[in-house]
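Notes follow once the structure below has been shown.
The values are calculated or read from the model by the stated rules, or taken from the named source; none is laboratory data. What you are looking at is a predicted structure, and each value in this text was computed from that prediction instead of being measured. Cβ sites come from the backbone with ideal geometry, for glycine too, and all protein chains shown count toward neighbours. With ligands, DNA and RNA removed, areas are computed over all heavy atoms of the protein, side chains included. Shrake-Rupley method; radii C 1.70, N 1.55, O 1.52, S 1.80 Å.
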Amino acid sequence: MKGIVLNRINIIMIDTAEFSNPLFWVDVGISCIIIALVMFVTCFFLRRKLPIIIVSCGCALILISKFLGLNLVSYISIAFTAASLLLFFNVNIASIRTFITNPVSTKSSKFHKSNVEKVYDRYELCEKIATTVIQLSKTKTGALITFEKEDCLDDKVNTIGTVLNAPVVPELLLSIFYFGTRLHDGAVIIRRDKIYSAAAYFPPTNKPLAGKFGSRHRAALGISEISDSITVVVSEETGRISFAIDGELIRSSAESFQTMLEDYLINDNK
């Protein structure tokens, strides 16, 4: 009986001799570096809280099981963390598509864009958008309008939609979002002072939302989480106006909409 108890104690106790082995600490150091890289990639590409929490818990469990000599737990933790990462990267493939396809061309296009930038009246643009959005809100017409800033959205969307390159005119925007037209479903992308495209589809957010929000709000949050764009959402059910910025929804009244839009699009760029 005494021998059985001693054997169980030996199994549970940590092999302290292993800690004096330099290879053990080299192994731990390399593991920490790999974990840090995984955390960086997860934060940089996904910008989501849930995968970061899962990776953090998985990595902590891997290190603890390493110190305790629980190899099976360590292997299970590695498999679970890797599977979770693959799942989230697959769901959010639009977030990393830019870097997979051609990161150099994206940077060069931004540089070229800044060099050939032309001057246009930002306040006039905000006034036209405000006229459109207030009318859409009054008639409870669902709409999604995204303003591209520094981040090019071509490689961040699921579908770019129909490229128009048309001037921003309230009548045209109202026609696009009028229920029954071919382009009403999806988002309009505003690139500088042009309607770049219509019927664009964005990767929706994965985070839970408190309250009743439809696909438009989820799409607006999704694109705001992976880019510096600003998106205006008009609810089809209530006519409520919201801004989606940096993964957050911000309510706006019809009276304050133009002022808020100018703050986000103009004052923020100064």
- Task: Determine if region 101-117 includes at least one residue that is at pLDDT 50 or above and open to solvent by less than 90 Å² (accessible area, probe 1.4 Å).
- Result: no
- Message: It is to be established whether one or more residues within region 245-258 are open to solvent by 40 Å² or more (accessible area, probe 1.4 Å), touching a helix residue (DSSP H, G or I) at 6+ places or on another chain (Cβ under 6 Å) and in a helix (DSSP H, G or I).
- Response: yes
- region 124-168 - residue that is assigned to a loop (DSSP other than H, G, I, E, B) and among the polar types (S, T, N, Q) and, of those, farthest from S227 (Cα to Cα): T139
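Can you tell me which residue within region 191-210, out of those that are on the phi < 0 side of the Ramachandran plot and in a strand (DSSP E or B), is nearest to the chain's Cα centre (by Cα)?
Step by step, filter region 191-210, then rank; the result is Y201.
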- Task: Among what's in region 188-233 and is open to solvent by 50 Å² or more (accessible area, probe 1.4 Å) and polar (S, T, N, Q), pick the residue that is farthest from V168 (Cα to Cα).
- Result: N206
- Query: Just checking, which of F202, F179, F147 is over 26 Å from Y120 (Cβ atoms) and of a type in the set (A, V, I, L, M, F, W, C)?
  - Reply: F179
- All-but-one check, H184 against (1) part of a loop (DSSP other than H, G, I, E, B); (2) farther than 20 Å from A244 by Cβ; (3) open to solvent by less than 40 Å² (accessible area, probe 1.4 Å), failing number (2)
- Message: Yes or no: region 234-242 includes at least one residue that is surrounded by fewer than 20 Cβ atoms within 10 Å (Cβ to Cβ) and either outside any loop (DSSP other than H, G, I, E, B) or touching a strand residue (DSSP E or B) at 6+ places or on another chain (Cβ under 9 Å) (or both).
- Response: yes
- Of all residues in region 148-181, count the ones that are under 17 Å from S215 (Cβ atoms) and open to solvent by less than 40 Å² (accessible area, probe 1.4 Å). 3
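Among the residues in region 125-138, are any of a type in the set (G, A, S) and under 27 Å from the mean Cα position of the chain (by Cα)?
Yes: one or more hits.
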